[in-house]
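Below: the structure, in structure tokens.
Laboratory data are not the source of any read-out in this text; all were calculated from the coordinates shown. Computed from a prediction, not measured in an experiment: that's the story for all the values here. Positions of Cβ are backbone-derived with ideal geometry, glycine not excepted, and every protein chain shown enters the neighbour counts.
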Amino acid sequence: MARNSTNEYNRLIAASVGVAIPADETQYGYLSEHQPYGESAEQSGEYAEDLAATMLATTLGIEFDPNKDWDEREGIYKMSQKIINSYNITQSAEGENGLWTTVISCAILLP
């Protein structure tokens with residue numbers, strides 16, 4: 001679960017959960033969480049997805065250059081045929097004047 005809150009007017013907040021699912025159903029997938037300030041939903045979601053996929057790729061022994069951008073590494077991960085899918089669940093919002101604003105994203109990996 002990722003959660004973020006603010007009571008600052010116009011403060012951009014986001015909560016993202018990244019998901020990476022291996023092709024081999026006998027192995028576990030990975031979840032990551034990210035709770036940034038000042039990032040759009042797209043930026044936050046891509047970061048969380050990248051983090052989950054990179055953690056899974058590392059455990060599966062997939063060779064990659066960590067200095068490459070997410071789009072290049074995503075292609076390498078999926079071409080390896082060891083990671084079947086990755087995605088993110090993200091919510092973002094801007095703080096309201098004098099009110100608390102909260103965003104939450106949740107995910108569960110089931111067998």
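The figures follow:
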| quantity | calculated |
| --- | --- |
| Estimated vicinal HN-Hα couplings, Hz - the range 63-78 in sequence order (Karplus 6.51, -1.76, 1.60; Gly, Pro = x) | 6, 7, 9, x, 8, 6, 6, 4, 4, 5, 5, 4, x, 5, 4, 6 |
| Under 5 Å, built H, 5+ apart or other chain: amide partners of E33 | G18 |
| Tilt relative to the chain, helix 41-60 - C-alpha long axis, 0 to 90 degrees, to 10 | 30 degrees |
| Fully extended contour minus Cα-Cα distance, from S80 to E42, at 0.36 nm per residue | 11.2 nm |
| Summed residue charge, Cβ within 10 Å of D71's Cβ, Lys/Arg positive, Asp/Glu negative | -3 |
| Bins of 5 Å from zero: percent of alpha-carbon pairs in the range 28-111 | 2, 14, 23, 21, 16, 11, 6, 4, 3, 1 |
| Exposure proxy ranking, count of Cβ atoms within 10 Å, fewest first, for T26, T54, T101 | T26, T101, T54 |
| Local net charge near A23, Cβ-Cβ under 10 Å (Lys/Arg +1, Asp/Glu -1) | 0 |
| For I84, residues with placed amide H under 5 Å, excluding near neighbours | I21, A23 |
